[in-house]
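Please read the structure below before turning to the comments.
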Amino acid sequence: VREAAAKMIAHAPKEEQDHLRAMLPALIQKGLDDEDWNVREAAAEMIAHAPEGERAALIQKGLDDEGGGVRRAAAEMIAHAPEGERTALIQKGLDDKDRNVREAAAKMIAHAPKEEQDHLRAMLPALIQKGLDDEDWNVREAAAKMIAYAPEGERTALIQKGLGDKDRYVREAAAKMIAHAPKEEQ
């Protein structure tokens, strides 16, 4: 209910929107402190509606949570953080132990400052390679899905590795990445 109400702020009269948004950080903070991970995840999903200056700290809190779903939801909010804060938040997400958080952070690279994007993309091949070598097929599949965000020159070798995987889900994820390979290698 609170999340739906937060989404409706944009439809309130303009002169009342700032007042309503000002109430959100405390509400989100309270949700991020809740013992129920479902509440914490829902709170993280509300961060986009908080005042911009409050978002980075709330995302950071979400990325520090013990629940993988909460950290993933927080990583998905990085695009809504002030641009100057995004790189550090993306790096934190890429370093996460949960495959879904890493994948969400990789998607956020496009929202980092232009001058930081190449540096962030350069981190991905080693991360993807490590994921493709993991024993857990879920980790390998998530790694294959991240290939699209790696530097273009690194994608072909990563796709080929994924296509050679023993698990069909990993191979399928790698096959979907062919469209992201350099045209001459597709």
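The values are calculated or read from the model by the stated rules, or taken from the named source; none is laboratory data. In this text, all values refer to a predicted model and were calculated from it rather than measured experimentally. Glycine also receives a Cβ, built like all others from the backbone with ideal geometry; neighbour counts cover every protein chain displayed. Please note that ligands, DNA and RNA were not included when accessible areas were found on the heavy atoms of the full protein model with its side chains. Shrake-Rupley method; radii C 1.70, N 1.55, O 1.52, S 1.80 Å.
Take the chain with all the other protein chains still there, run a 1.4 Å probe, and you get 54 Å² of accessible area per residue.
What value, in deg cm²/dmol to 500, does the helix sum -39500 (n - 2.57) over DSSP H runs of n ≥ 4 give at 222 nm once divided by the residues of the chain?
On the way: 11 runs with 124 residues, N = 186.
Mean residue ellipticity, 222 nm, calculated: -20500 deg cm²/dmol.
Rounded to the nearest 10 degrees, the inclination of helix 114-132 to the longest alpha-carbon principal axis of the chain is 60 degrees. Taking the chain as the reference, fit the longest principal axis to its C-alpha atoms, fit the long axis of helix 14-32 to the helix C-alpha atoms, and give the angle between the two in degrees, 0 to 90, nearest 10. Helix 14-32 sits at roughly 60 degrees to that axis.
Using 0.36 nm per residue of separation minus the Cα-Cα distance, give me the extension gain between residue 23 and residue 135 in nm, one decimal.
Values: separation 112, 0.36 × 112 = 40.32 nm, distance 4.55 nm.
Net length gain for the segment: 35.8 nm.
Take every Cα pair under 8 Å whose residues are at least 6 apart in sequence, average their separation, divide by the length of the chain, and the relative contact order is 12 percent. Shown for segment 1-126: the carbon plus sulfur share of the solvent-accessible area, taken with all protein chains present and a 1.4 angstrom probe, equals 48%. Measuring r between the beta carbons of residue 175 and residue 122 and using R0 = 25 Å, the FRET efficiency lands at 0.50. Equivalent-ellipsoid semi-axes for segment 1-43 (Cα gyration tensor, √(5λ), whole Å, largest first): 23, 11, 5. Under 8 Å for C-alpha pairs, at least 6 residues apart: give me the relative contact order for segment 105-148, rounded to a whole percent. With pairs under 8 Å counted, the relative contact order is 33 percent. Simple spin-label estimate for residue 39 and residue 8 gives 2.2 nm between the two label positions (7 Å along the Cα-to-Cβ direction from each Cα). For segment 5-147, lysine pairs separated by 8 or more sequence positions, or belonging to different chains, with Cα-Cα distances below 13 Å total 4.
Computed 3J(HN,Hα) for segment 95-106, one whole-Hz value per residue from the Karplus formula 6.51 cos²θ - 1.76 cosθ + 1.60 where θ = phi - 60°, is 8, 5, 6, 8, 4, 6, 5, 4, 5, 4, 5, 4, glycine and proline marked x. Scalar couplings 3J(HN,Hα) for segment 156-167, obtained by applying the Karplus form with A = 6.51, B = -1.76, C = 1.60 to θ = phi - 60°, are 4, 5, 5, 4, 4, 4, x, 5, x, 5, 6, 9 Hz; x denotes Gly and Pro. For segment 135-152, putting each phi into the Karplus relation 6.51 cos²θ - 1.76 cosθ + 1.60 with θ = phi - 60° gives couplings of 6, 7, 4, 4, 5, 5, 5, 4, 5, 4, 5, 7, 4, 4, 9, 6, x, 3 Hz, in residue order, rounded to whole numbers and with x for Gly and Pro. Of the peptides 66-77, 144-155, 8-19, the ranking by mean beta-carbon count within 10 Å, highest at the top, reads 66-77, 144-155, 8-19.
The Cα atoms of segment 61-184 cover 39, 32, 19 Å along the three principal axes, with the biggest extent listed first.
Looking at segment 122-186, the pairs of alpha carbons with a distance over 18 Å make up 22% of the total.
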